[in-house]
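Colleague: Pasting a structure below so you can have a look.
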Amino acid sequence: MITNKEAAIKTISSHQGEFAEVKNPSYIYPPVEYYPLAAPLKSVKHLKAALMDMDGTTTTTEVLCIYALEQMVRRMSSLLSKDSWVGVDHEKDLAHIIGNSTTRHVEYLIHKYGNLLSHKHTVKEFLNASQWTLANSPDQQRKAEVVQNLKKLGLQDAVLQMQQSTTTEEKINVWAGQIKELDFTTQVNLGIDIYYETYHRILMMLKQGKGSEVRMQVFGSIDSEENLISPMPGIPVLIPLLKGWLGEEAPKMAGELCDNYEKLMGKQLSSSQKEEVSRQLGQMGLKFRHQPLKLALVTSSIFYEADIIIQEVQEVMKTVIEKSSLSADRKKSILAAYEDYHNVYDAFVTASDSSEIRLKPHRDLYSIALHKCGIMPADFDKVIGFEDSQSGTLAIRAAGIGCCIAVPFAQTLQHNLEAATHVLPGGVPEAIIDLGLFMDQDNQ
């Protein structure tokens, strides 16, 4: 229905709470959109569901994302070594290239480091990335976007040759010579394709069991202690707890949770405090055994990426269960559930369910997750949402979830997290131990 400004203002004025101003990518109309935000909730009654971001909240994948983004700049500038370009500024850049859509990340880097970029190398690396993607990528959406960009550049004849892997270096150079000036939006689109090609090559290597080669490529050593992909602290306890799988044996995971808490918070728990954690976990274990939560995993990554990453993470989570003091039967049932992440998540929502232009801080992904979990608007106040970034916390509140928990880590600590109702540097362990998962006392 078309309406006028006065009617729109009246509708907007009926919302007495906060609004979020969301800036769209440079090629989208309108440049700015406004979302009414759900009223903030510090706690919930009759908890029904938990919605969780993937990268930085459930898993650690930022190392790979940052590496692929940095490689994009290097390839577009031909400054391939640290001697020629030291790389992104971790103090100033990370807040802008973590926790948002790929488009926003690439826009930021091309705007900041545009003076380093070379037209010649940008075009040639885009064509090389297109060749690999069309010949090797299993992600059809990614292929379609590459084809679209090739056609926009007038290279329709390149598509078939690339798909058939008949492209030669000589042909690449001919096509590169046909592409003249690039405006900012086109640079961004080509940069996105270069970024994804790097990232997807890495994921494909991981899927093929070439983890050592990836570690050498990313860290320069196979002996680095830094993880490529693993669950964030507390997640191996939280997930089976909320699903009701731990039951009366939940206190047996107290040691794992307390260790994570002490490392993140930088303080030691006393014996009596640890006993209280065990008691609290026991209560939660019984509660969630009788009333398991709906769980949703929400990510701005496309399905191809998220599918590989979550499977890698669940393999690590299996080892936590295997090493625990849970009974043999309990271990067996949980490990069986971890064989397929669809047993864990009632909704698994990725960028492939929406569009690059409707990712966080837009509400779409979280709204889709609520729908897939069967949660109606009347029950949105019975949902908690976990995020590590500014855009993610805004998306949760814009989707109608008032209890929004920010669990920032080192690379998102500088984000503006004012949309969150709780900001927890101690992450999930702090959420469980200090705040009882935000449930009212009569709900525990």
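The values are calculated or read from the model by the stated rules, or taken from the named source; none is laboratory data. What you see is a predicted model; the values in this text were computed from it and never measured. So basically every Cβ, Gly included, is an ideal-geometry build from the backbone, and we count neighbours across all protein chains shown. Protein only, heavy atoms only, side chains kept; ligands, DNA and RNA dropped before computing areas. Shrake-Rupley method; radii C 1.70, N 1.55, O 1.52, S 1.80 Å.
Colleague: Name the residue, out of G385, G392, that is more than 19 Å from K48 (Cβ to Cβ) and crowded, with 24+ Cβ neighbours inside 10 Å.
Modeller: G392
Colleague: From M76, M72, grab the single residue that is touching a Gly at 6+ places or on another chain (Cβ under 8 Å) and either exposed (fewer than 12 other Cβ atoms within 10 Å of the Cβ) or over 25 Å from F303 (Cβ atoms) (or both).
Modeller: M76
Colleague: A further question on this structure: Which numbered condition in (1) under 25 Å from the mean Cα position of the chain (by Cα); (2) of a type outside the set (S, T, N, Q); (3) over 30 Å from F386 (Cβ atoms); (4) buried (at least 22 other Cβ atoms within 10 Å of the Cβ) is the only one that A144 fails?
Modeller: That leaves (4) as the condition not met.
Colleague: Output the number of the condition that L64 fails; it satisfies all remaining conditions of (1) open to solvent by 10 Å² or more (accessible area, probe 1.4 Å); (2) touching a Phe, Trp or Tyr at 6+ places or on another chain (Cβ under 9 Å); (3) under 30 Å from E315 (Cβ atoms).
Modeller: Every condition holds for L64 apart from (1).
Colleague: Restrict the check to region 11-26 and report whether at least one residue is in contact (Cβ under 8 Å) with a residue 40 or more places away in the chain, in contact with a Ser or Thr (Cβ under 6 Å, 6 or more places away or on another chain), within 21 Å of H121 (Cα to Cα) and not polar (S, T, N, Q).
Modeller: no
Colleague: Can you name every residue in region 356-376 that is open to solvent by 40 Å² or more (accessible area, probe 1.4 Å) and out of contact with any helix residue (DSSP H, G or I) (no Cβ under 8 Å at 6 or more places or on another chain)?
Modeller: S367, H371, K372, G374, M376
Colleague: Okay, moving on. Does E181 satisfy the condition of being touching a residue at least 40 places away in the same chain (Cβ under 8 Å) and in a loop (DSSP other than H, G, I, E, B)?
Modeller: Against the criterion (touching a residue at least 40 places away in the same chain (Cβ under 8 Å) and in a loop (DSSP other than H, G, I, E, B)), E181 qualifies.
Colleague: Right, next: Give me the helices (runs of 4 or more DSSP H) completely within region 248-349, filtered to those with at least 3 residues that are closer than 30 Å to K207 by Cβ, ordered by residue number.
Modeller: 303-323, 328-337
Colleague: Kindly provide the set of residues from region 1-17 that are open to solvent by 80 Å² or more (accessible area, probe 1.4 Å) and assigned to a helix (DSSP H, G or I), ordered by number.
Modeller: K5, E6, I9, K10, T11, I12
Colleague: Mind checking which residues of region 385-422 are of a type in the set (V, I, T) and in contact with a helix residue (DSSP H, G or I) (Cβ under 9 Å, 6 or more places away or on another chain)?
Modeller: Once the filter is applied, which keeps residues that are of a type in the set (V, I, T) and in contact with a helix residue (DSSP H, G or I) (Cβ under 9 Å, 6 or more places away or on another chain), region 385-422 yields I396, I401, I405, V407, T412, T421.
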